[in-house]
Amino acid sequence: SELIRGFLLSGMPCPSSCPPGLLALMAPGLALMATFSLPSQAGDRRALPVEKPPGVKGRTLILLDVNTKSPVRIISENFLSLQLDPSIIHDGWLDFLSSRRLVTLARGLAPAFLRFAGKRTDFLQFHNVKNPAKSRGGPGPDYYLKNYEDDIVRSDIALDKQKGCKIAQHPDIMLELQREKAAQMHLVLLKEQFSNTYSNLTLTARSLDKLYNFADCSGLHLIFALNALRRNPNNSWNSSNALSLLKYSASKKYNISWELGNEPNNYRTLIGRSVNGSQLGKDYTQLRSLLQLIRTYSRAHLYGPNIGRPRKNVIAFLEGFMKVAGGTVDAVTWQHYYIDGRVAKVTDFLKTRLLDTLSDQIRKIQKVVNTYTPGKKIWLEGVGTTSAGGMNNLSDSYAAGFLWLNTLGLLASQGIDVVVRHSFLDHGHNHLVDQNFNPLPDYWLSLLYKRLIGPKVLAIHVAGLQRKPRPGRVIRDKLRIYAHCTSYHNHNYVRGSITLYIINLHRSRKKIKLAGTLRDKIVHQYLLQPYGKDGLHSKLVQLNGQPLAMVDDGTLPELKPRPLRAGRTLVIPPLTMSFYVVKNVNALACRYR
């Protein structure tokens, strides 16, 4: 088509007829900015020059094609992964990980990593005690809360027929008492978080068993972050407690990968004593030596250093770490939160400037990693929409999905191998599943992503018509489109199919016409919208007009597409997220794994 003039990806051939000025606008990212204003390296934005044919007044028509010959990136099968915070020991939820409902929800997102880490990682001590003595109180909630673990153990005897896992059906009264306890502990945990002062946590052997059982039954691979703040007088890492945990895990033949510490660049604010990057690198080298001495973990994977936002001092920390331990770790990790959860507003989740803050961080991390260990995989761990535990009816609402889906698309397009979502189940409001074990909007979004999106990322070609911006006004990137090969695990679609996922932040609908290799193909639509009167604040969602909810504790609902006739224009409603599977494209890039 004559209108297909936008080639946004480096490496994509531009025809000889391309306007010379267009070449300067080609960008390496895969995201289509459908208002067609592309960010330059300096951060300025320039509108893509396209001519408007006579008779077209203000309407937007977008033509879209995909390069089906070869992928531009291939990410991990476990790209979308999960995190559990050690705070679940404090508030008691760890004892309920054997719940059939939780295991069913986690299985829906497999295959994935399950990272057990967070702010309290460096205050966690392992005690190899099966059933520590418990104080016995009198009748009442405290009595039951102190003694319900025996009931949980008995209920765990019921075996899951699928895998022989320990799956429990907890009585409603037990769950109600646990929610009361968790609500009380939530205030304590928030106080610790805001004061940046954390109490010590004890992980028993039985608790570790339950954590591993949950991961294994759910089809998740456990990554355990060890306490890095146990220090010797010379500031080297004291590995004695970690060695006890490693030996116990090895005796149980647990298949676990490992990390050391969490946000080590912030240790001075936690304990008044810092650990620099080169010292942490030595600590990682020491941990690798320990793993090699234990047959079960001689080839275990090791990830780190899980630094915070890459500001100048954090980049210096990463450089020191990479010089010493760049070859020791299997992937380099960092974490990111978009908004301070204490001051977030629903409009924050619609700001394109906020969606783009991650791009600069990716470039900074990649620059350091490629300097010391070119080609080393990079992971974003502990990512969340908001910090400080999130905010009710915001970070757990439909609106938060815009940030989450854009994060997935942006990271995949720039070659980040894995993204770990904080958190699957947690105190606060950043989680995928609430404390009634009901899935929140970001869970359903993640489930659709897992069901439809494969690891091969494809390049997009676009062209469009748009209103001419008023003088001095910058057009923001409010329509974002990403493309992958459809997941090979989805047997509803033959290999060679392509999945598009689209974020429309405009307050008006947008129309997309599939062109080139996608022209005249049957398309399956998966349109995710808020359900109920709360709009963007809603914690309920609908798929193609049907509310999503679990069928029962052991069954997720069928995700039914809406078939669109071949050649039909895609109409994207305002403020929505959607997936479109283009069937039977027979894309060469997608035929083989």
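The values are calculated or read from the model by the stated rules, or taken from the named source; none is laboratory data. Since we're looking at a predicted model, the values are computed, not measured. Glycine also receives a Cβ, built like all others from the backbone with ideal geometry; neighbour counts cover every protein chain displayed. Keep in mind that these areas ignore ligands, DNA and RNA; they rest on the heavy atoms of the full protein, side chains included. Shrake-Rupley method; radii C 1.70, N 1.55, O 1.52, S 1.80 Å.
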Across the range 499-511, in residue order, what do the Karplus-derived ³J(HN,Hα) couplings come to in whole Hz, using 6.51 cos²θ - 1.76 cosθ + 1.60 with θ = phi - 60° and x for Gly and Pro?
-> 10, 9, 10, 10, 10, 10, 8, 5, 8, 9, 6, 10, 10
The ratio Rg/Rh over the Cα atoms of the range 448-593, Rh being the Kirkwood inverse mean 1/r radius, stands at 0.99
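How long is the gain from LYS312 to GLU180 if the chain were fully straight, where each residue apart is worth 0.36 nm and the alpha carbon distance is subtracted? Don't skip to the answer; put the middle values down first.
On the way: separation 132, 0.36 × 132 = 47.52 nm, distance 4.32 nm.
43.2 nm is the gain from fully extending LYS312 to GLU180.
I'd like the chymotrypsin sites (Phe, Trp or Tyr not before Pro) in the range 519-593 restricted to DSSP loop residues with at most 12 other Cβ atoms within 10 Å, sorted by number.
Passing both the DSSP loop test and the Cβ count: TYR592.
Taking square-rooted eigenvalues a ≥ b ≥ c of the alpha carbon gyration tensor, is the range 166-254 rounded, prolate or oblate, where a/c under 1.5 means rounded and, failing that, a/b exceeding b/c means prolate?
Details: a/c = 2.78, a/b = 1.19, b/c = 2.34.
Because a/c hits 1.5 or more and a/b fails to exceed b/c, the range 166-254 counts as oblate.
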Express the carbon and sulfur contribution to the solvent-accessible surface of the range 477-558 as a percent, rounded to the nearest whole number, probe 1.4 angstrom.
-> 47
Which pairs in the list LYS367/LYS456; LYS377/LYS456; LYS560/LYS583 are over 19 Å apart, alpha-carbon to alpha-carbon?
-> LYS367/LYS456
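Which trypsin sites (Lys or Arg not before Pro) from the range 289-346 combine a DSSP loop assignment with at most 13 other Cβ atoms within 10 Å?
ARG299, ARG311, ARG342, LYS345
For the range 267-413, what % of the accessible area comes from carbon and sulfur atoms, probe 1.4 Å?
On the range 267-413, the fraction of accessible area on carbon and sulfur atoms equals 49 percent.
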Would you check the accessible area of ARG100, probe 1.4 Å, heavy atoms only, in square angstrom rounded to 10?
-> 80
Which entries in the list LYS247/LYS376; LYS345/LYS478; LYS69/LYS513 go over 23 Å, if you measure between the two C-alpha atoms of each?
-> LYS247/LYS376
Quick one: net charge around LEU358, please, counting Lys, Arg +1 and Asp, Glu -1 for every other residue with C-beta under 12 Å from its C-beta.
-> +2
Loop trypsin sites (Lys or Arg not before Pro), the range 193-252 (other Cβ atoms within 10 Å of the site Cβ: 16 or fewer; DSSP) = ARG230, LYS252
The range 570-575 - phi-based ³J(HN,Hα) in whole Hz, Karplus 6.51/-1.76/1.60, Gly and Pro as x | 7, 10, 9, x, x, 6
